[in-house]
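See structure below.
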Amino acid sequence: MQKVLYEKDIQTEVLREKKIAIVGYGSQGHAHALNLRESGYDVVVGLRPGKSQQKAEEDGFTVISVADAVREADVVMVLLPDELQTAVYNESIKPNLQPGNAIAFAHGFNIHFSQIVPPADVDVFLVAPKGPGHLVRRTYEEGAGVPALYGVQQDVTGNAKQIALAYAQGIGAARAGVLETSFQEETETDLFGEQAVLCGGLSSLIKAGFETLTEAGYQPEVAYFECLHEVKLIVDLIYEGGLENMRYSISDTAQWGDFVSGPRVVNDETKARMKEVLAEVQSGEFAKGWILENQANRPKYNAINAQENQHPIETVGKELRELMPFVKQPVNNK
Ligand SMILES: NC(=O)C1=CN([C@@H]2O[C@H](COP(=O)(O)OP(=O)(O)OC[C@H]3O[C@@H](n4cnc5c(N)ncnc54)[C@H](OP(=O)(O)O)[C@@H]3O)[C@@H](O)[C@H]2O)C=CC1
Ligand SMILES: CC[C@](O)(C(C)=O)C(=O)O
Ligand SMILES: [Mg+2]
Ligand SMILES: [Mg+2]
């Protein structure tokens, strides 16, 4: 059986006759709403009054309340922050879902950890892009796309899988590849990936490299270019052609250093820590901690965030990026 699906494999009629409510207009929300509309789907945006409402209206959407959007729609895509979804679901989504509607997510957190339990008479699916929302939008505009996972938790209409696939086509994901998953697999792999590799692992690696160089007396600007700026250039080569492609472009000296020193930095001990992270995700310990942190109004999150924003790598980075206007992309306006 074919595992990765592309546009040619997907029938979209089933979604073309439906109205899609995009609830939330942040990183993912704006990308889904704009891409779906440009792919020919009927989209309404559900929001509270505020900054996102203004942005969605500037983008030409009629913005209505979440409750009204759910009432009008056949398919409701929940693109609120994970930690706010349960409250909005209980207050505005659940009371307005009709039998035969579909409720959808871009990440399985609240379904998998049973924070949201939809009624038995609606379809429940996910379409989870494997990339930041602003890149879901940017790549779509460039004629490309970000791959996505899709999964069906509940199929009462018999069409949930086709609707999910058509949705993935609408946001541009099928240009890059769409792969079936479960809510469990998506949730656990996504949380692990962002913590251990993509966000937590990478930012810790960058900071540790920067600190090692500056503590040894090297200029912070040199350390910034070496340990942060160049990461994108190296990762672009990996993205385009794998590790071999990156190693083709770098010097043989760098490649030898990669082979002999890389495994000393990221080693068996690192992998053991990764396994701990994965175990905490799988057991629900991480989810419980994040839910409690939000219930307490995020004391640790806010303290660490303030500290991180003052790290010397951020100070020197701001100064250097001012002098490289081509580097700046408007992703920080959500
Ligand atoms: N960020 C990403 O790239 C990825 C995110 N996901 C998933 O997508 C989902 C959305 O995340 P993300 O796009 O980061 O979210 P954002 O934080 O970027 O956006 C949240 C949106 O929800 C709105 N909102 C917040 N509270 C309410 C409310 N009470 N009523 C109505 N609207 C509200 C905000 O509007 P306002 O301006 O009014 O606050 C904003 O438009 C999550 O499930 C996440 O895990 C999945 C893959 C990648
Ligand atoms: C890597 C972080 C992410 O999982 C994503 C952009 O895919 C997220 O939750 O934002
Ligand atoms: Mg992710
Ligand atoms: Mg995530």
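The values are calculated or read from the model by the stated rules, or taken from the named source; none is laboratory data. Small disclaimer: the values here were computed from a predicted structure and weren't measured. Positions of Cβ are generated from backbone atoms using ideal geometry, with glycine treated the same way; all protein chains shown enter the neighbour counts.
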- Residue list for region 115-135, filter: away from ligand 4 (no atom under 16 Å from the Cβ) and free of Cβ contacts under 8 Å to residues at least 24 places away in the same chain: Val117
- Query: Would it be correct to say that Tyr25 is within 16 Å of ligand 1 (Cβ to nearest atom), in a loop (DSSP other than H, G, I, E, B), assigned by TED's automatic domain parsing to the domain that holds Pro147 and buried (at least 18 other Cβ atoms within 10 Å of the Cβ)?
  - Reply: yes
- State all residues of region 243-257 that are of a type outside the set (A, V, I, L, M, F, W, C) and under 29 Å from the mean Cα position of the chain (by Cα); if no residue qualifies, say none. Glu244, Asn245, Arg247
- Message: Suppose we filter region 163-188 for residues that are surrounded by fewer than 17 Cβ atoms within 10 Å (Cβ to Cβ) and either within 15 Å of the chain's Cα centre (by Cα) or assigned to a helix (DSSP H, G or I) (or both); how many remain?
- Response: 2
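Here's the yes/no breakdown for (1) among the β-branched types (Val, Ile, Thr); (2) within 16 Å of ligand 3 (Cβ to nearest atom); (3) out of contact with any Asp or Glu (no Cβ under 8 Å at 6 or more places or on another chain); (4) within 30 Å of Lys3 (Cα to Cα):
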| position | (1), (2), (3), (4) |
| --- | --- |
| Ile206 | yes, no, yes, no |
| Gly209 | no, no, no, no |
| Ile234 | yes, no, yes, yes |
| Arg247 | no, no, no, yes |
| Asp258 | no, no, yes, no |
| Val277 | yes, yes, yes, yes |
- Complete set of residues in region 28-37 that are within 16 Å of ligand 3 (Cβ to nearest atom) and either among the aliphatic types (A, V, I, L, M) or assigned to a loop (DSSP other than H, G, I, E, B) (or both): Ala31
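Would you point out the residue of region 193-204, among those that are near ligand 2 (Cβ under 10 Å from one of its atoms) and part of a helix (DSSP H, G or I), that is nearest to the chain's Cα centre (by Cα)? Even if it seems obvious, please write down each step before you answer.
Step one: of region 193-204, the residues near ligand 2 (Cβ under 10 Å from one of its atoms) are 193-195, 197-200, 202.
Among the residues that remain, those that are also part of a helix (DSSP H, G or I) are: 193-195, 197-198, 200, 202.
Working: Gly193: 11, Glu194: 9, Gln195: 12, Val197: 14, Leu198: 11, Gly200: 14, Leu202: 16 Å.
Residue satisfying both the conditions and the ranking: Glu194.
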- Qualifying positions in region 138-156 - more than 16 Å from ligand 3 (Cβ to nearest atom) and either part of a strand (DSSP E or B) or surrounded by 18 or more Cβ atoms within 10 Å (Cβ to Cβ) (or both): Tyr140, Val152, Gln153, Gln154
- Query: Scanning region 94-137 for residues that are more than 10 Å from ligand 1 (Cβ to nearest atom) and of a type in the set (Val, Ile, Thr), which turns out surrounded by the fewest Cβ atoms within 10 Å (Cβ to Cβ)?
  - Reply: Val117
